[in-house]
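The values are calculated or read from the model by the stated rules, or taken from the named source; none is laboratory data. These numbers were taken from a predicted model, which means no experiment stands behind them. Heads up, the Cβs are rebuilt from the backbone with ideal geometry, glycines too, and the neighbour counts pull from every protein chain shown. Keep in mind that these areas ignore ligands, DNA and RNA; they rest on the heavy atoms of the full protein, side chains included. Shrake-Rupley method; radii C 1.70, N 1.55, O 1.52, S 1.80 Å.
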Amino acid sequence: MKVSELMTIMEDIAPAHLAEEWDHVGLQVGDLNQETERIMIALDADQRVIEEAVSKRIDLIITHHPLFFRPVQKLLFHQPLGKIVSLLIKNDIALFSAHTNLDIAVGGINDYLAELLDLRDVTVLAETKEEALLKLVVFVPVDYLDQVRNAISEAGAGHIGSYSHCTFAAPGEGTFVPLPGTNPFVGKLGQLEKTPEYRLETIVPASVLNQVIAAMISSHPYEEVAYDLYPTALPGAADGLGRVGSLSQQMTLNQLVHKVKKLLAVEGLRVVGEGEKQISRVAVCGGSGMSLLKEAQHKGAQCLLTSDMKYHEAQEALAKGIAVIDADHFATEGIFISRLASLLKNRISKDEITILTSEINTNPWRFY
Ligand SMILES: [Zn+2]
């Protein structure tokens with residue numbers, strides 16, 4: 001398959017528009033048309049990972065952390081970044097990254113952490129984007145009302161809460177004059193035609209607008225479909241970093257720490273808070289998430305599981321009375337690598353495509 005095809009699949013898993021503005025996600029090195037058969041997933045694109053990819057004849061590496069983060073002034077092959085890029089180019093290996101979009105995506109890293117902790121009633125911890133909702137109004141001849149309604153509903157329009165196919169239709173009269181060069185479904189050239197139509201209206205999230213319009217046009221009998229789109233002030237679905245939810249049963253901080261340590265298979269964790277503190281609600285943010293401490297407390301969490309906590313942040317948490325489990329950055333995100341491999345395998349039916357996970361531990365820390 002082509003690199004571009006794989007990018008389409010990754011877009012389904014972690015849509016690029018979800019990424020934070022400062023982030024650099026997507027194809028970092030390579031060619032959209034390059035054929036790829038062997039894919040490897042890793043947390044970081046460090047030199048050992050690239051060498052592993054070379055030895056395993058990999059065509060495409062998918063990483064969580066982007067290789068390029070700051071503007072590059074020069075690429076010197078005897079320096080770490082230049083060496084990595086030269087290895088990639090010389091071995092025809094493409095590099096793709098899904099970073100904050102993979103953190104934020106539904107079913108991404110943070111949802112996975114919440115799932116591993118068996119959290120209930122999980123919601124977004126810190127909203128980053130709210131989807132725009134549009135009102136779609138289309139005028140449909142009576143006999144085609146059900147057909148058009150079904151088509152736009154199946155394409156993603158008309159979802160309100162747990163209800164689908166939410167539309168409203170009011171009867172009325174449409175008029176038009178077919179002009180020279182047209183091939184009208186009803187009516188005669190140059191004559192005013194009056195026809196019973198329904199004004200069919202529904203709500204459409206901006207992310208599915210194109211597919212809804214395409215479905216509407218292909219299911220509609222008219223040559224020129226009359227429709228309107230209105231912006232609304234309604235709140236759309238919110239995407240964001242981190243997740244917060246309730247434990248299936250209350251436990252002490254020590255019990256939760258024990259559970260996290262086992263789940264993430266780490267040698268040690270740094271913990272802020274009394275061991276006997278009762279925890280019923282937990283916030284999670286894979287990677288560096290201490291900036292979400294306020295949101296975690298605001299949303300009722302007694303504990304935040306994240307990584308990269310600094311000394312003064314730990315003091316602040318202690319003073320605020322919220323516990324923090326500072327797990328390893330590598331562990332909180334690296335745990336998703338095998339999940340990403342299975343998400344890809346589920347979406348790729350071609351037998352010739354091999355998906356591997358890197359065996360290199362790129363964690364810069366070690367316990368002593
Ligand atoms: Zn990270």
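Values for this structure:
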| read-out | value |
| --- | --- |
| Shape category assigned to the chain from the gyration tensor of Cα positions, a/c cut at 1.5 | oblate |
| Among the listed pairs K56/K345; K56/K83; K261/K294, those beyond 20 Å (Cα-Cα) | K261/K294 |
| Probe 1.4 Å, accessible area per residue of the range 59-169, Å² | 49 |
| Sequence-distant aspartates and glutamates (8 or more away, or on other chains) whose Cα lies within less than 20 Å of K2 | E11, D12, D31, E35, E37, D59, D92, D351, E352 |
| Share, in percent, of DSSP beta bridges within the range 1-95 that are antiparallel, nearest 5 | 25 |
| Computed magnitude of the charge dipole of the chain (debye, nearest 20; Cβ of K, R +1, Cβ of D, E -1) | 860 |
| Unit charges on C-beta of K, R, D, E only; dipole of the range 1-128, Debye | 760 |
| Bridge type composition, the range 218-361 - antiparallel percent by DSSP, nearest 5 | 55 |
| Cα centroid of the range 249-309 to Cα centroid of the range 181-227, whole Å | 54 |
| Accessible-area composition of the range 262-334, carbon plus sulfur, in percent [1.4 Å probe] | 52 |
| Computed magnitude of the charge dipole of the range 1-70 (debye, nearest 20; Cβ of K, R +1, Cβ of D, E -1) | 240 |
| Sites matching trypsin sites (Lys or Arg not before Pro) across the range 117-189 that sit in DSSP coil, with at most 13 neighbouring C-beta atoms within 10 Å | K188 |
| For the range 132-231, the fraction of alpha-carbon pairs in successive 10 Å shells from zero, as % | 16, 47, 27, 9, 1 |
| DSSP beta bridges in the chain [antiparallel fraction, %, rounded to 5] | 70 |
| Positive-end residue, the range 132-231 charge dipole about Cα centroid, Cβ charges, pick of T195, T175, V137 | V137 |
| The range 193-258, accessible surface, carbon-and-sulfur percent (1.4 angstrom probe) | 51 |
| Relative contact order for the chain, counting Cα pairs under 8 Å that sit 6 or more residues apart, in percent | 19 |
| Highest-fluctuation residue, S164, S86, S153 considered, GNM on the chain with Cα pairs under 10 Å | S164 |
